[in-house]
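Beneath this line is the structure, given in structure tokens, with notes to follow.
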Amino acid sequence: MKTYERAFWPFLLPALLVYTLLFVAPSLFGIWISLTRWSGPGSEMTWRRLDNYVALLHNKVFATAFTNTFVMAIVGGALIFGFTFLSMVVLRQLKGRAFIRAVVFLPLIISLIAIGAAVGFLLNPEGAVNTVLGWAGLDPQPWLGPEMVFRCIVGGLVWSSTGFYVALMMSAADAIPAHVYEDAQLIGATKWEQFRHITLPLTWDVFAVSAVLWVVGSLKIFDIVLAFTTAGTTAAPPIPARTIAVQQYIVVKGAGLPELGSAAAMGVMTLLVTAVLIVLTRRITRRDRVELS
């Protein structure tokens, strides 16, 4: 036991030191900056206490960005895992399922910047989608207008992200022995009953981890929004399409002096929301482990 204890700290300390330098220290510095008004190195740092947070709570643009981020996490997650569960039911016994899974996974290989730019190009007022609608005798739609742009972004994000979670969940489902389903078929279980009582319980641990991964990733969405709405220009994304990460970028890189204190306050609030959502997700998905006997 003493030998183990002597070997424990020499192995742990290097990793702990790197983690502290790269994660803990920057996080603490960000919290400190969030309590100040600061435009960066060379400028005066003014102590503001909680004024940055109070200002954000009364900022309508930030409220829109916060709401969009939350909606993207909840609605986008519901759509992604809905399609994932449907794929698990449909693809399990389908011939050529490996090819279909590869096709579904393909968008993940493409960068979100490229996807955002391509979808934005297709949906612009003179893009291919409205051109096809015109050929069909239908009126063009304002896909990038204030009322529809965020929905289109969520749709593009769902399309590009679903393949990753399908691959994770299908890998877990493939590990279930075939005889379990054969026994279920012998007693007359439908596909839905097989999914509900066999597939879902035996892949639930993977789903719980996937849900946490989605929550963490969705709260940091930035690149697809920027590419989708700006098409490579220097213009700022429209307010109805902004997420917290995009709003942070605008506050730091937009017109005028950088507002690093406000951006840091957004980051701290995002960190708190992420922690709360992770705890809720883990609590909702927590259940007794199911194992085959």
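Readers should treat all values here as calculations from the given coordinates under stated rules, not as data from a laboratory. Everything quoted here is computed from the prediction, not taken from an experiment. FYI the Cβ positions are ideal-geometry reconstructions off the backbone, even for glycines, and counts take in every protein chain you see.
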Open item on the list: Residue by residue through segment 191-208, what is 3J(HN,Hα) from phi via Karplus (6.51 cos²θ - 1.76 cosθ + 1.60, θ = phi - 60°)? Round to whole Hz and write x for glycine and proline.
Closed with: 4, 5, 5, 5, 5, 5, 9, 10, 4, 5, x, 7, 10, 5, 4, 5, 4, 4
Task: Unit charges on C-beta of K, R, D, E only; dipole of segment 106-229, Debye - done: 160
- [ ] Provide the gained length on full extension for the span Val209 to Ala78, in nm with one decimal, where the gain is 0.36 nm per separating residue minus the Cα-Cα distance.
- [x] 45.7 nm
- [ ] Using a/c under 1.5 as the rounded threshold, could you call segment 59-284 rounded, prolate or oblate? The axes a ≥ b ≥ c are square roots of the C-alpha gyration tensor eigenvalues, and prolate needs a/b larger than b/c, oblate otherwise.
- [x] oblate
Task: Helix-only CD estimate at 222 nm, as mean residue ellipticity for the chain, using -39500 (n - 2.57) per DSSP H run (n ≥ 4) - done: -21500 deg cm²/dmol
TODO: Choose one of Thr281, Gly163, Ala241: the residue whose Cα lies farthest towards the positive end of the charge dipole of segment 59-284 (beta-carbon charges +1 Lys, Arg; -1 Asp, Glu; about the Cα centre).
DONE: Thr281
TODO: Please give the length that would be gained between Tyr53 and Thr274 if that part of the chain were fully extended, namely 0.36 nm times their separation in residues minus their C-alpha to C-alpha distance (nm, one decimal).
DONE: 77.9 nm
